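Engineer: Just passing along the structure, written as structure tokens.
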Ligand SMILES: [Zn+2]
């Protein structure tokens, strides 16, 4: 015979046609008896047992989206099938779960899993009933049909919920084994370089198998399989790449489905994982997100017992250390600490070990304090991969040291297949090695396989492929290993890794700093309120509300999941989320009032002004409807009679063009159309504004791909100025505070009431907006052209700040055309600067001398009503002399977010400060009761980026002080003398102290 390699290669696929080898997989089929109950919603198995069932038939549809139907499946195995392996086949064009005796046994996923995930055909339609039928025996199963796909509601193109298959079949295992031998070899023939020996050998072997196999004569099959074994038996050389693999099912805790469906995705996925483990001894599965395991513990104890059994064998591996996989842009530093604290405590209690790795493969940017937070939570290793999606600059390394803004380092690995949903194909395994950017520094990498995003996890098909490539020449050695095993191997093998310093900015999904504005507002308010409750209850020292605080924190944490708080979920998710925040804010409000009541005696004669922040304050507040000047010490209160007069009043002059607002620090001129035309710092005479500031603009915001997630850089090219205010009036004019109100028509469909205030004591101009927003793909920002020239602007992040360019010199600078910040951004040149504070926003864009704050977006997908409705938010301008640190921008922004609390009291005038520090570089961030004792935890951080010495003092009796980590594990004793301790902090260091209460 002549050679015809290309034709032979083309032949390979023919053997996989339905009429060829796969057609032999189920040599006999038999119908089942089906009865159905359309459930009123997501019900328990016990409730499903009480349903009213009627006969069901193939071809029926069981919608609509999110509907649930329960099927009772009566199976009688034909007598003729004695000795055969028998399976149950099911395809309802949706997700489903097999139940028996009240226990979920396995998930099933029908055709057209998800257009989103590019999976076609049934992802999982087989449930193994018995390896050896007796013949004639009966089985009863329940199948719970969940009318959605793995990818939620995404795929519009299939008949969702249509029952396409329900039957039993004989499973011909020799065919199955032969099939996967053949697929692996044929794939090697196709995927290896055509000029490589192994590609040629694979092509020869696959062809020989087709030739040797007579499909109608099973006596030829063993010889065919021997050909495969001979080929696969060739071993790799010593230099071959080592790929550690682990089964995974990235389950988005909410996204294109609500939390209630996620709970079901969890048991479908986890039941499948433990069931397959019985059949595949090499199979390991990694499960992050403590929250999902807690649901199993509470709702499915029998399944949870199995999970724990496999966890003890290090095969079902709890990982990641956090409560959910959180967004890492928006949550506060303390929230991220709690993700680890609550998560690690769960893993420790339930599985006897805390995690050594942070597992967060799918998140939209990584703030520069994460390495320190990880380290503080006992974690030295980090796995993610999202930066492979970067628009302009792909990462230079897959394995590297990531060093945070304080100098803490973690070993970071991006799985080089650039996915957390691997399909275990030869193609992907080879790509993994080819794409690995650190091959010269490490011969180890990690590979995550299994359906993910909507859960599902590994399939039989994936496990069969990996089984054949543990060590076969030409393909990397693939062995399933836990994260711990993988990172141990990596650490032993790696050399001369490169280092990345600072944030890992994600060059995509920048809309997630702004989308679903109410969610972000409520998160900020919840964080602030829980901060106050914890501080006040800890210093009140009576009954600390342990259980309720734990419940509220878990609600905050779950809503920080990486598709909830970024704003990338469907409408229903935000309905749930809004209800959670209502609960949190109401309950935490009650707890705060209760703690205030314990701390401050009742009465009406005076006012106790309570300050929960760590620096003293003097501010104008509203008492009995009128402005008054009050003061309060750091982290404490002052009982006083508020002052309603001042020697240095604020003034307001209306003239023909507008208004001039002036206090002892600032002179601000506002045009009648609402623009700020002048903002002079009277202390220096320096003008901060260049041109029309407080200028509202609308951008067309039509991203190329992901509506809720993205804003593309081209939106900056389509900018429209919002028309000047329709009306203006003075609404407050007292010696202590003046306010002007403007009304804007933002568009034909959106309007804004806008108030600008200046008070007598603050060097800060305040802006309050109430917006009725009804737009389609419009992006609303406010702009401030300044007189400041600087190459960098500074932005607050968790427990610190960092700088980013104000120019577009390089692709890295352009990529950061929109950035995430917390309470403030600052643009300074030597001698002066301007800070732009906010009370609930996260998106900033400072370009050249123009500062912009992102206010509202209006994406239509996946939530068509995202952000439509009324919004209230505030921002403020703080011009300053000198450096932003010395000018007190950091405390000012904290104060802007944490109004002083006013509590009527009969107590005599006096001052009480529970905690204070003597260095403005150090911020006491959190005071709470310890998790395991009545000790008080005090968490502070160095906020200036400078090595600092600080004395912490407290009026509380302290018996013993200990430095501890973020998990509150003791690290070193601290000398506590004369009511305080002296600490040395390195730049941006977070320090946690545990103070045992004395008497
Ligand atoms: Zn995700």
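The values are calculated or read from the model by the stated rules, or taken from the named source; none is laboratory data. Please read these numbers as outputs of a predicted model, since none were measured by experiment. As a convention, Cβ positions derive from the backbone with ideal geometry for all residues, glycine included, and neighbour counts pool all protein chains shown.
Engineer: Report yes if residue 98 is touching a helix residue (DSSP H, G or I) at 6+ places or on another chain (Cβ under 9 Å) and either exposed (fewer than 14 other Cβ atoms within 10 Å of the Cβ) or more than 29 Å from residue 221 (Cβ to Cβ) (or both), otherwise no.
Structural biologist: Spelling it out, residue 98 is indeed touching a helix residue (DSSP H, G or I) at 6+ places or on another chain (Cβ under 9 Å) and either exposed (fewer than 14 other Cβ atoms within 10 Å of the Cβ) or more than 29 Å from residue 221 (Cβ to Cβ) (or both).
Engineer: Looking only at residues in the stretch 440-455 that are assigned to a loop (DSSP other than H, G, I, E, B) and in contact (Cβ under 8 Å) with a residue 12 or more places away in the chain, which one is nearest to the ligand (Cβ to nearest atom)?
Structural biologist: 452
Engineer: I've got another one for you. Find all pairs meeting these conditions: Cβ atoms under 7 angstrom apart; at least six residues apart or on different chains; first residue within the stretch 537-563 and farther than 19 Å from residue 576 by Cα and in contact (Cβ under 8 Å) with a residue 12 or more places away in the chain; second residue more than 16 Å from the ligand (Cβ to nearest atom) and assigned to a loop (DSSP other than H, G, I, E, B).
Structural biologist: As it stands, the answer is 537/544; 537/545; 538/544; 539/914; 539/956, since those pairs meet every condition given.
Engineer: Going through 469, 478 one at a time, which residue ends up being buried (at least 24 other Cβ atoms within 10 Å of the Cβ) and either at pLDDT 95 or above or away from the ligand (no atom under 16 Å from the Cβ) (or both)?
Structural biologist: 478
Engineer: OK, next. The conditions are (1) touching a residue at least 12 places away in the same chain (Cβ under 8 Å); (2) more than 30 Å from the chain's Cα centre (by Cα); (3) over 15 Å from residue 928 (Cβ atoms), and residue 972 fails exactly one of them. Which is it?
Structural biologist: Residue 972 satisfies every listed condition except (1).
Engineer: Does residue 383 fit the bill of being within 22 Å of residue 477 (Cα to Cα) and within 16 Å of the ligand (Cβ to nearest atom)?
Structural biologist: In short, yes.
Okay, residues lined up against (1) surrounded by fewer than 24 Cβ atoms within 10 Å (Cβ to Cβ); (2) out of contact with any strand residue (DSSP E or B) (no Cβ under 9 Å at 6 or more places or on another chain):
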| residue | (1), (2) |
| --- | --- |
| 851 | no, no |
| 864 | yes, yes |
| 868 | yes, no |
| 886 | yes, no |
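Engineer: Only one of 608, 586, 595 is closer than 19 Å to residue 840 by Cα and at pLDDT 95 or above. Can you tell me which?
Structural biologist: The match here is 586.
Engineer: Then there is this: Pick from the stretch 327-339 the residues that are closer than 17 Å to residue 375 by Cβ and within 16 Å of the ligand (Cβ to nearest atom): which of them is nearest to the chain's Cα centre (by Cα)?
Structural biologist: 328
Engineer: Condition check: within 28 Å of residue 855 (Cβ to Cβ), in contact (Cβ under 8 Å) with a residue 24 or more places away in the chain and not in a loop (DSSP other than H, G, I, E, B). Does residue 574 satisfy that?
Structural biologist: Yes, satisfied.
Engineer: Now for a different question. Taking residue 882 and the conditions (1) closer than 28 Å to residue 925 by Cβ; (2) surrounded by fewer than 24 Cβ atoms within 10 Å (Cβ to Cβ); (3) at pLDDT 95 or above, which numbered condition does it fall short on, given that it satisfies the others?
Structural biologist: Here residue 882 meets the rest and fails (3).
Engineer: Can you say whether residue 973 is outside any loop (DSSP other than H, G, I, E, B), touching a strand residue (DSSP E or B) at 6+ places or on another chain (Cβ under 8 Å) and surrounded by fewer than 14 Cβ atoms within 10 Å (Cβ to Cβ), as far as the supplied structure shows? Step through it out loud before you land on a result.
Structural biologist: Values: outside any loop (DSSP other than H, G, I, E, B): yes; touching a strand residue (DSSP E or B) at 6+ places or on another chain (Cβ under 8 Å): yes; surrounded by fewer than 14 Cβ atoms within 10 Å (Cβ to Cβ): yes.
Judged against the criteria, residue 973 is a match.
Engineer: Might you check whether a residue that is away from the ligand (no atom under 16 Å from the Cβ) and either in contact with a strand residue (DSSP E or B) (Cβ under 9 Å, 6 or more places away or on another chain) or in a helix (DSSP H, G or I) (or both) occurs anywhere in the stretch 558-570?
Structural biologist: So in the stretch 558-570, the residues away from the ligand (no atom under 16 Å from the Cβ) come out as none.
No: zero hits.
Engineer: How many residues, within the stretch 468-489, are assigned to a helix (DSSP H, G or I), more than 15 Å from residue 417 (Cβ to Cβ) and touching a strand residue (DSSP E or B) at 6+ places or on another chain (Cβ under 9 Å)?
Structural biologist: Residues flagged as assigned to a helix (DSSP H, G or I), more than 15 Å from residue 417 (Cβ to Cβ) and touching a strand residue (DSSP E or B) at 6+ places or on another chain (Cβ under 9 Å) within the stretch 468-489 amount to 5.
Engineer: Further question: Of everything in the stretch 341-373 that's part of a helix (DSSP H, G or I), touching a strand residue (DSSP E or B) at 6+ places or on another chain (Cβ under 8 Å) and under 20 Å from residue 483 (Cα atoms), which residue is nearest to the ligand (Cβ to nearest atom)?
Structural biologist: In the first step, residues of the stretch 341-373 are kept if they are part of a helix (DSSP H, G or I); the result is 341-351, 370-373.
Then keep just the ones that are touching a strand residue (DSSP E or B) at 6+ places or on another chain (Cβ under 8 Å); that gives 347, 350-351, 370-373.
Remaining after also requiring under 20 Å from residue 483 (Cα atoms): 347, 350-351, 370-371, 373.
Details: 347: 20, 350: 23, 351: 23, 370: 17, 371: 22, 373: 20 Å.
Of everything passing the filter in the stretch 341-373, 370 is nearest to the ligand (Cβ to nearest atom).
Engineer: Next question. So how many residues does the stretch 415-439 have that are buried (at least 23 other Cβ atoms within 10 Å of the Cβ) and assigned to a helix (DSSP H, G or I)?
Structural biologist: Of the residues in the stretch 415-439, 3 are buried (at least 23 other Cβ atoms within 10 Å of the Cβ) and assigned to a helix (DSSP H, G or I).
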